[in-house]
Amino acid sequence: MGEARTSRRERLRTETAREIKAIALELMAKGGPDAISLRAIAREMGMTAGAIYGYYPTRDDLVTTLISDVYTSLLDAVERARDAVPADDPGGRILAWGRALRRWSLDNPEGFRLVYGDPVPGYRPPDGGAAADAGLRACAGLTGLVAAAWPSMGAPPDEFTWADFGPELVRHMHEEFPGLPPAVLALSLRTWGRMHGLITLEVYGHLGPQVTDAEKLYESELRDLVRSLGW
């Protein structure tokens, strides 16, 4: 019986924490990053501010959790799409990743802005960043895709060295991809930039006046990207 009560309490706590995060994103959607506050969330939920502090002691704790959860959700989506394509089709896997990235971003614009866009005023991330592990996971995922396509491109250019990148990222790349030339990491970051750029313009509404079919434009960019990688 005690175990059942504990389990029920844990379920209620998990549901409440999920609701707090959902309301935080709703507040951000309506009023921007500055609208995220524990007191405002407490008012929306009919709780006292003190009760909210039992879940997240500070607003920074909540924002850090939000960024980590949102980023993880994004990575789960793009990795599922990638893994649905055979490993011997690097071009198809890059297309799947890019399409899933855009789809998730349009379905979750507040989450996209939280991870990639508007800084939360006054927010102080923990040492290493709000979602350092997720960031490394994203970079490793995209680098793996580019590395798989790399053999079709011929010899790598030598204008990059490992000194051109942050030491933590370099350490992670050496662990994940022993023997990888630094030019592949540079290309993976450029690949991310090409995907991310048009998505950012679309999420923030900058393509609307100029483009009637943003998906067609993005698809053309993705296919040109894949061709540039030899696929």
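Using alpha-carbon pairs under 8 Å, 6+ residues apart, how would you state the relative contact order of the stretch 77-209 in percent? Let's see the in-between values first.
Working: 77 pairs, mean separation 33.0, N = 133.
After rounding, I find 25 percent.
For the chain, report the accessible area per residue in Å² (1.4 Å probe, heavy atoms, rounded to an integer).
For the chain, the per-residue accessible area is 54 Å².
Are there trypsin sites (Lys or Arg not before Pro) in the stretch 147-220 that DSSP puts in a loop and that have at most 11 other Cβ atoms within 10 Å, and which ones? Kindly include the intermediate steps, with their values, before the conclusion.
Details: sites: R171, R190, R194, K216; in loops: none.
The qualifying sites: there are none.
May I have the extent of the alpha carbons of the stretch 186-231 along their three principal axes, as whole Å values ordered from largest to smallest?
The Cα atoms of the stretch 186-231 stretch 33, 18, 10 Å along the principal axes, largest first.
Plugging the Kirkwood radius over Cα pairs into Stokes-Einstein for the chain, at a temperature of 10 °C and a viscosity of 1.306 mPa s, what D comes out in µm²/s?
Working: Rh = 19.8 Å.
Estimated via Stokes-Einstein, D reaches 80 µm²/s.
Give the Debye-formula value of log10 I(q)/I(0) at each listed q (0.15, 0.19, 0.20, 0.23 Å⁻¹), with one equal scatterer per alpha carbon of the stretch 110-176, two decimals each.
The Cα Debye sum returns log10 ratios of -0.68, -0.94, -1.00, -1.14.
Under a GNM of the chain (C-alpha, springs under 10 Å), which listed residue has the highest mean-square fluctuation: P109, P125, P90?
P125
Kindly state, to the nearest 0.05, the FRET efficiency for A132 paired with D88, given R0 = 41 Å and r defined as their beta-carbon distance. Please list the in-between numbers first.
Values: r = 32 Å, r/R0 = 0.78.
Plugging the Cβ-Cβ distance into 1/(1 + (r/R0)^6) gives 0.80.
May I ask you to give the average projected area over all directions of the convex hull of the Cα atoms of the stretch 79-208, in nm² rounded to one decimal?
Working: hull surface 37.8 nm².
With every direction weighted equally, the projected area is 9.5 nm².
What trypsin sites (Lys or Arg not before Pro) in the stretch 19-120 are in a loop by DSSP, with at most 16 other Cβ atoms within 10 Å of the Cβ? Kindly include the intermediate steps, with their values, before the conclusion.
On the way: sites: K21, K30, R39, R43, R59, R80, R82, R93, R99, R102, R103, R113; in loops: none.
Those that pass, being in a loop and sparsely packed, number zero.
So for the chain, averaging the separation of alpha carbon pairs under 8 Å that are six or more residues apart and normalising by length, what relative contact order in percent results? Could you put the intermediate results ahead of the total?
Values: 182 pairs, mean separation 44.4, N = 231.
That works out to 19 percent.
Sticking with the crude label model, points 7 Å out along Cα→Cβ, report the distance from L217 to K30 in nm, one decimal please.
3.1 nm
Tell me the carbon and sulfur percent of the accessible area for the stretch 12-135, rounded to whole percent, probe radius 1.4 Å. Don't skip to the answer; put the middle values down first.
Details: 2940 of 6120 Å².
Roughly 48 percent, rounded to a whole number.
Between D61 and R8, what is the label-point separation in nm under the 7 Å Cα-to-beta-carbon projection?
Between R8 and D61, the label points sit 2.6 nm apart.
The values are calculated or read from the model by the stated rules, or taken from the named source; none is laboratory data. Keep in mind that what you see is a predicted model, and the values were worked out from it rather than measured. Note that we place each Cβ from the backbone using ideal geometry, even for glycine, and neighbour counts take in every protein chain shown. Ligands, DNA and RNA are stripped out before the accessible areas are found, and what is left, the full protein with its side chains, is counted by its heavy atoms. Shrake-Rupley method; radii C 1.70, N 1.55, O 1.52, S 1.80 Å.
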